[in-house]
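Structure, as structure tokens:
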Amino acid sequence: MLSVFRSLFSFNDKSRIQRATQGFLLGICAPLGWFSISHILQLTVTDPLYEVALYTYITVGSVLAMVGFALRISKGEERYARMSLLDPLTELYNSRYLLTRADQEFALFNRTGQNMAVIMADIDHFKYVNDQYGHSVGDVVLQQVATVMRNTARKVDIVARVGGEEFTVLLPDSTTKGAMVLAERIRERIASTPILLPDGRTINVKISLGVSSTEEFVPDVFNELYESADNALYRAKRDGRNRVVKAVESDPLTGEVAC
């Protein structure tokens, strides 16, 4: 019994204390409110209006309390729904949300011909960062790279973390040129932005990016566009890293001329 009591009213759990306080205030304020109203209106139990006023008070109070609970619950549901679509470390979108939006944009492309583009990005030599400085520093690098990417992309773009050190940018209504410009801007800003570590030191990282667009590559499904950008990223890694490479029309590993 004591353990149950402690679990319910643990002072280390702020949310439980907050909920208990709210319940206590609601419970005690209801009779105090009626006492104040009856005193102000000078109502007594024998007064003909006493029951009418009491039932009105109970009804209005119950409605307001239920509305308040409903609003709080809906706010919590919205918060948890949003959290389910975000990467907890970087607060970028996760793969689930990226694919949902990608399907929507690809359907729009098929219906209207409005082009879209995809940028695949991967931090260069990230394993070395983890091995040299530790995973906690690796997490800081991921967070700060994510911030640069989010601040550099357009507001309509979807920036997502899709793997350990891999990111994807979905660009609605974008040309190949626009996607290449954005990818190069991301590359430059990450290369020139020192990563501030918790101990005050700074390190620099670089990033490789691959770009594909429906303007020049017409896929049957979104996954083909995604894979073409991923193959372009592979070429960027293979050709020396810290660069932006555009997808080629055929197999990107055969050395074909790019589109």
| query | Quick one: would you say Val118 is in a helix (DSSP H, G or I), of a type outside the set (Ser, Thr, Tyr) and at pLDDT 95 or above? | reply | no
| request: Looking only at the range 151-169, decide whether some residue is open to solvent by 20 Å² or more (accessible area, probe 1.4 Å) and polar (S, T, N, Q). | output: yes
| query | Of the conditions (1) under 21 Å from Arg241 (Cα atoms); (2) out of contact with any helix residue (DSSP H, G or I) (no Cβ under 6 Å at 6 or more places or on another chain); (3) of a type in the set (A, V, I, L, M, F, W, C), Ile186 fails just one. Which one is it? | reply | (2)
| remark: Over the range 121-167, the set of residues assigned to a helix (DSSP H, G or I) and in contact with a Lys or Arg (Cβ under 6 Å, 6 or more places away or on another chain) is Val148, Thr152
| query | Are there any pairs, at least 6 apart or on different chains, whose C-beta atoms fall under 7 Å, with the first in the range 138-163 and closer than 21 Å to Asn115 by Cα and the second part of a helix (DSSP H, G or I) and among the polar types (S, T, N, Q), and if so, which? | reply | Ala160/Ser95
| field | Residue list for the range 170-191, restricted to those being open to solvent by 80 Å² or more (accessible area, probe 1.4 Å) and free of Cβ contacts under 8 Å to residues at least 40 places away in the same chain | value | Lys177, Arg185, Glu188
| note | For the range 119-145 the number of residues that are touching a Ser or Thr at 6+ places or on another chain (Cβ under 7 Å), open to solvent by less than 50 Å² (accessible area, probe 1.4 Å) and more than 27 Å from Phe217 (Cβ to Cβ) is 1
| query | If we keep just the residues of the range 200-237 that are assigned to a loop (DSSP other than H, G, I, E, B) and open to solvent by 60 Å² or more (accessible area, probe 1.4 Å), which is nearest to Gly178 (Cα to Cα)? | reply | Glu215
| Ser212, sole failed condition from (1) among the hydroxyl-bearing types (Ser, Thr, Tyr); (2) within 30 Å of Gln132 (Cβ to Cβ); (3) under 24 Å from the mean Cα position of the chain (by Cα) | (2)
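The values are calculated or read from the model by the stated rules, or taken from the named source; none is laboratory data. Source: prediction; values computed, not measured. A quick note on method: Cβ atoms are made from the backbone with ideal geometry, for glycine too, and the neighbour counts reach across all protein chains shown. To get the accessible areas, we keep the full protein, side chains included, count just its heavy atoms, and leave off ligands, DNA and RNA. Shrake-Rupley method; radii C 1.70, N 1.55, O 1.52, S 1.80 Å.
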